[in-house]
Amino acid sequence: MAIRAFLAVELSEPARAAAAALAHDLARGSEGVRWARPETYHVTLHFFGDVDPDGIPALARSVGDAVATVAPFRLRLGAPYLFPDARRPRVVALGLEPAGQLLALAEAVERGVAAAGFPAEARPFRAHLTLGRIGERGARVALPGSAPPAPETPVREVILFQSQLLPQGARHTPLERLALGSRVSPDTKTTEGEDDHGEE
């Protein structure tokens, strides 16, 4: 039986709480938005749709090999905005930084996905965190112009999730955790900083 799957970066709990607090504030001045549950917050790198479970081990090996060449880094929450644009918005999103390193990670993921024989992502990667989805008509959202105060998230792995669509909303279950940086030269500096060593 096929499973619904995607590859993503998970937020740290402090960053998740900061994003949830912002969404709560936005919801009080908005209409026509279906807000995501904080436990489902993630940064999607590749969405598959339905996948044969028998193909998961080979997919995980291939993507794991690809992301092993990407050095760990820190993710920062950016300012909220309407995605893809303010004229015909579909999503209330948070921008994410550093955009260049997130793009490099997404490109590595795509190389691994292609090597495993899966189709490429249909749309160009644009790093964002979905806070809510906007209905067809009558939506009203007032956005602040600044990022929420939040700790950075150390990005050390990509997670392959199963997504189950339940009456109470989607449930995301980690299937594989794929570490970044195991094939990066020890001489290559990461952007995590000296204070991160040994942190869990």
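A simple spin-label model places the labels of GLN164 and ALA114 3.5 nm from each other, with each point 7 Å out along Cα-to-Cβ.
Among beta bridges from DSSP that stay inside the chain, the antiparallel ones total about 100%.
A value for log10 I(q)/I(0) by the Debye sum over Cα atoms at q = 0.08, 0.13, 0.16, 0.18 Å⁻¹ was derived from the coordinates, and within the list (1) -0.33, -0.81, -1.08, -1.22; (2) -0.28, -0.74, -1.10, -1.32; (3) -0.25, -0.66, -1.01, -1.27 it appears as (2). Compute the acute angle (0 to 90°) between the alpha-carbon long axis of helix 13-28 and the principal axis of greatest extent of the alpha-carbon atoms of the chain; round to the nearest 10°. For helix 13-28, the angle is close to 20 degrees. Amide hydrogen proximity for LEU131: with H placed 1.01 Å from N in the peptide plane, the residues at 5 or more positions away or on another chain lying under 5 Å are VAL92, ALA93, LEU94. Summary of the geometry: region 27-86 and region 101-131, compared by the centres of their Cα atoms, lie 10 Å apart. Adding -39500 (n - 2.57) for every DSSP H run of four residues or longer, then dividing by how many residues the chain holds, sets the calculated 222 nm ellipticity at -7500 deg cm²/dmol. FRET efficiency for the ALA122 to ARG90 pair, using the beta carbon distance and R₀ = 22 Å, is estimated at 0.90.
FYI, it's all coordinate maths here, none of it is from the lab. What you see is a predicted model, and the numbers here were worked out from it, not measured in a lab. In this analysis, Cβ positions are derived from the backbone assuming ideal geometry, glycine residues included, and neighbour counts consider all displayed protein chains.
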